[in-house]
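Participant: Here it is, the structure in full.
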Amino acid sequence: MKRIGYLDVARGIGMILVVLGHISFADESLRRFITSFHMPLFLMISGILLYVTKTEERSFGQIVKGKCKSILLPYFVFSAGAILLELLRMVVKDLDLTEVLLRNVFQTLCLQGFSTFWFLPTLFLGEVLFIKVRQTCNLRKTAWAGAFLVVLMYLVSLGEQHFYQLHAGILGYELLHDVLLVPIRAGIAGGYIFLGYFLGILLEKRERSWRDGVLGSILLIAMAFVSSFTGFIDLRFLQIENPFFFLLRTICGSVGLILVCRGFKIAFDGIVGKVLMFFGQNSLIIMVTHLDYHVLNYSIKAASVVNKLIPGQVLYVTCTVLLVFVIEAFVIYIINRFFYKFLGRKTQKEHTFFTG
């Protein structure tokens, strides 16, 4: 299938937002804006692509097999690599990380996922759930199923979090909590995949124009306003707070950015667009390497040298982000060139640098 450029651009911007969200010294209001929608954005794009590729028309077993190769294989491989890296650090620096590493192994095996790895099994289960519903139901029933799923999982999450607060610190319940988070997150993620699928239907019927960009900008501004007086959102730990504002922020932000990238095509036709598309096409690699393989950590240390010479939070954050993506460009090249089978691919990618 021919790639959809504006969706790759949206994913590229989304990965920049993910990195920014993990920089603790970045402006708090900026991070609150980012966390409002950066993970639902990827889920909705996934839903759009499921519609565009008509994935549900293939056999369910074939779909699951393909998703296992493209999502679960990299999940287990890169999670294992991160655990081994921490084990090496424990030996070299004589640290006692045994409890942490055992918890990471358990979270990996039960598909909870530690650190940024949580997103991959959530995406996998959400997509599989959606496809099963879509193959069973017509469009109207699929829409109702998606709405019901989000409401149900939200209510379940409230109950689970209540019990977790009462039993936090008890090892048995900590492990049970890890297991329970998996279907709850998958259900909520599935809801955004449902939304993305129906957004794909609407976009197909709507001719691409600058009006999309204007509407998207309005949605992003509205979401930024709402974010200014609401708290952080964390889909990983189900930090939802007010469900109305949660849905408003996640949907407006995700749809807004997608429409901006779709409508303002001219802004992404040059080198900036090619760079964003490159990182968008390789967003999975960045997701699983930038944090636990210490790319962000080394970038912060290098950017701190510049910060000592020219102090300033904005410059410090900007340098950090630029360094992350410079390093990631080489990481992407190496993985696509030598370790592409870890991504579930049979062959190397034809294009590994900014060729669009």
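The values are calculated or read from the model by the stated rules, or taken from the named source; none is laboratory data. Fair warning: this is a prediction, and the values are worked out from it, not measured in the lab. Using ideal geometry, Cβ is built from the backbone for each residue, glycine included, and neighbour counts are taken over all protein chains shown.
Participant: Just one of (1) surrounded by fewer than 19 Cβ atoms within 10 Å (Cβ to Cβ); (2) part of a helix (DSSP H, G or I); (3) in contact with a Gly (Cβ under 7 Å, 6 or more places away or on another chain); (4) not small (Gly, Ala, Ser) trips up Phe279, so point out which.
Facilitator: Here Phe279 meets the rest and fails (1).
Participant: Kindly establish whether Val150 is in contact (Cβ under 8 Å) with a residue 40 or more places away in the chain and touching a Leu at 6+ places or on another chain (Cβ under 7 Å).
Facilitator: No: the conditions fail for Val150.
Participant: Could you say which residue among Gly169, Gly146, Gly159, Gly113 is out of contact with any Ser or Thr (no Cβ under 8 Å at 6 or more places or on another chain), surrounded by 15 or more Cβ atoms within 10 Å (Cβ to Cβ) and under 28 Å from Asn242 (Cβ atoms)?
Facilitator: When all the criteria are applied, what remains is Gly146.
Participant: Same structure again: Kindly establish whether Arg345 is basic (Lys, Arg), modelled with pLDDT under 95, in a helix (DSSP H, G or I) and surrounded by fewer than 18 Cβ atoms within 10 Å (Cβ to Cβ).
Facilitator: So Arg345 does not fit the description; no.
Participant: Consider Phe225 carefully, then state whether it is among the aromatic types (Phe, Trp, Tyr), assigned to a helix (DSSP H, G or I) and surrounded by fewer than 18 Cβ atoms within 10 Å (Cβ to Cβ).
Facilitator: Yes.
Participant: Given the structure, is Asp292 closer than 28 Å to Gly344 by Cα and assigned to a loop (DSSP other than H, G, I, E, B)?
Facilitator: yes
Participant: Another question, then. In the range 1-102, which helices (runs of 4 or more DSSP H) lie fully inside it and hold 3 or more residues that are touching a residue at least 60 places away in the same chain (Cβ under 8 Å) and buried (at least 19 other Cβ atoms within 10 Å of the Cβ)?
Facilitator: 5-21, 28-35, 38-52, 73-92
Participant: Sticking with this structure for a sec: Going by the structure shown, is Arg206 among the charged types (D, E, K, R) and either under 20 Å from the mean Cα position of the chain (by Cα) or at pLDDT 95 or above (or both)?
Facilitator: No.
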